[in-house]
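K.L.:
Before anything else, here's the structure in question.
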Amino acid sequence: MADPTPDKHEAPVYEPHVGISRQYWRDIILGVNDGLVSVFLLVAGVVGGGLDTAGILLTALAGSVAGAISMAAGEYLATKSQDEVFDSEIELERSHIAEFRDRELDQLRGFFAEMGVAEDDLDGVVAAFDRSDAALLNAMAALEFGAVESERRSPYMAMAASGLLFLAGSATSVVPFLLADTPGQGFLWSAILTAIGLFIVGVVKTRVTRTNPIVAGMENLVIAGIGGVVAWYIGVLVGAGV
């Protein structure tokens, strides 16, 4: 008869890494979170300022489109510029290896020593890289200025992720004013939908951060909630002054 007692020494289950989407999670979280927060704060401000439903809808739509274009263009240019810097650095490193090889090998030795490679093993490790220009270039590119080919981001993917997800996030503050009869009603639904969206983003983020999903969701809510209150009161003050 089999022993029903579970084995306390079961082999651990291998957990795979996030994979090829890892380098785009910054764009994913930044895009949707910025869409949720920034357009909601914009709406809170103009609601506090006393705009009617049509005016709020126009403001939310303008903020949504402008924000998406800005995010997409900014991420494209930033990512492309970063790629160009890496390409330039790699080309310079190639010339360093050709003309100042001993200096580069000494640098590599220092990097491995800082990583904890034992002194007795350093000569063998460095000698292995010294046998291949390509291996030495890849090692120096990764260790000297953080250029790892598999981790580089496509400017087009970064642009699409940021811009489209900004639009998706901003929908929680735009759609309610398409359907609402009054500014108060639209703002209530905008606040509810934005809060739900922010909490979900916080929870989803923990898929890669492996942190507490409740804490992450509440963190998003608190930040946006404080911002919403501040934006609303600013709108009230400006509206009263105007």
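K.L.:
Sorting Glu75, Glu84 on the 10 Å Cβ count, fewest up front, what's the list? Walk me through the numbers before you get to the answer.
P.N.:
Numbers: Glu75 25, Glu84 11.
Ranked by crowding around the Cβ, least crowded first: Glu84, Glu75.
K.L.:
With charges only on Cβ, +1 for K and R and -1 for D and E, what is the dipole size of the chain about its Cα centre, in debye, rounded to 20? Please report the intermediate quantities before stating the final value.
P.N.:
Numbers: 14 positive and 30 negative charges, 288 e Å.
Computed about the Cα centre, the dipole is about 1380 debye.
K.L.:
Let me ask something additional. If you take the charge dipole of the chain about its Cα centre, with +1 on Lys and Arg Cβ and -1 on Asp and Glu Cβ, which of Leu136, Gly186, Ser150 is farthest toward its positive end?
P.N.:
Final value for the positive-end residue is Gly186.
K.L.:
When all alpha-carbon pairs of the stretch 109-236 are counted, what percent fall beyond 25 Å? Please list the in-between numbers first.
P.N.:
Values: 4483 of 8128 pairs.
For the stretch 109-236, the share of Cα pairs beyond 25 Å comes to 55 percent.
K.L.:
Going by how many other beta carbons lie within 10 Å of each one, how would you line up Ser170, Ser81, Ser150, fewest first? Write down the numbers at each step before the final one.
P.N.:
On the way: Ser170 29, Ser81 11, Ser150 8.
With the fewest neighbours first, Ser170, Ser81, Ser150 line up as Ser150, Ser81, Ser170.
K.L.:
Determine the gain in length on full extension of the stretch Ser150-Glu89; use 0.36 nm per residue of separation and subtract their C-alpha separation, reporting nm with one decimal.
P.N.:
20.3 nm
K.L.:
Ok, one more. Which order do peptides 50-61, 130-141, 27-38, 115-126 fall in by mean Cβ count within 10 Å, highest first? Don't skip to the answer; put the middle values down first.
P.N.:
Working: 50-61: 17.9, 130-141: 15.5, 27-38: 22.7, 115-126: 11.2.
Those peptides, ordered most packed to least, come out 27-38, 50-61, 130-141, 115-126.
K.L.:
What residues have an amide H closer than 5 Å to that of Val117, excluding those fewer than 5 places away on the same chain, when H is modeled at 1.01 Å from N in the peptide plane?
P.N.:
Correct list: empty.
K.L.:
Can I ask one more? Taking Cα pairs under 8 Å and at least six residues apart, what relative contact order does the stretch 23-241 come out at, in percent? The partial results should precede the final answer.
P.N.:
Values: 271 pairs, mean separation 94.1, N = 219.
Once divided by the residue count of the stretch 23-241, the mean separation gives 43 percent.
K.L.:
OK, next. Can you compute the charge dipole magnitude of the stretch 42-163 about its Cα centre, using +1 on each Lys and Arg Cβ and -1 on each Asp and Glu Cβ, nothing else charged? Give it in debye, rounded to the nearest 20.
P.N.:
Values: 8 positive and 22 negative charges, 174 e Å.
Once rounded to the nearest 20, the dipole reads 840 debye.
K.L.:
Okay, moving on. What is the projected area of the convex hull of the Cα atoms of the chain, averaged over all directions, in nm²?
P.N.:
22.5
K.L.:
Using alpha carbons only, how many degrees (0 to 90, rounded to 10) separate the axis of helix 133-145 from the longest principal axis of the chain?
P.N.:
Taking Cα atoms only, the helix is inclined about 40 degrees.
K.L.:
Next question. Filter the trypsin sites (Lys or Arg not before Pro) in the stretch 183-238 down to the DSSP loop ones having no more than 12 other Cβ atoms within 10 Å, then list what survives. Spell out each step's value before the answer.
P.N.:
Numbers: sites: Lys205, Arg207, Arg210; in loops: Arg210.
Of the trypsin sites (Lys or Arg not before Pro), the ones in loops of the stretch 183-238 whose Cβ has at most 12 other Cβ atoms within 10 Å are Arg210.
K.L.:
What list of ³J(HN,Hα) couplings, whole Hz, do you get for the stretch 115-127 from phi and the Karplus terms 6.51, -1.76, 1.60, once you set θ to phi - 60° and write x for glycine and proline?
P.N.:
Working through the residues one at a time gives 7, x, 5, 4, 3, 5, 9, 4, 4, x, 5, 5, 4 Hz.
K.L.:
Further question on the same structure: Whats the longest run of the chain with zero chymotrypsin sites (Phe, Trp or Tyr not before Pro) that are DSSP loop and have at most 13 other Cβ atoms within 10 Å?
P.N.:
Details: sites that count: Tyr14, Phe100.
Counting at most 13 other Cβ atoms within 10 Å as exposed, the longest clean stretch of the chain is 101-242.
Readers should treat all values here as calculations from the given coordinates under stated rules, not as data from a laboratory. Computed from a predicted structure; not experimentally measured. Reconstructed Cβ throughout: ideal geometry from the backbone, glycine too, with neighbour counts over all protein chains shown.
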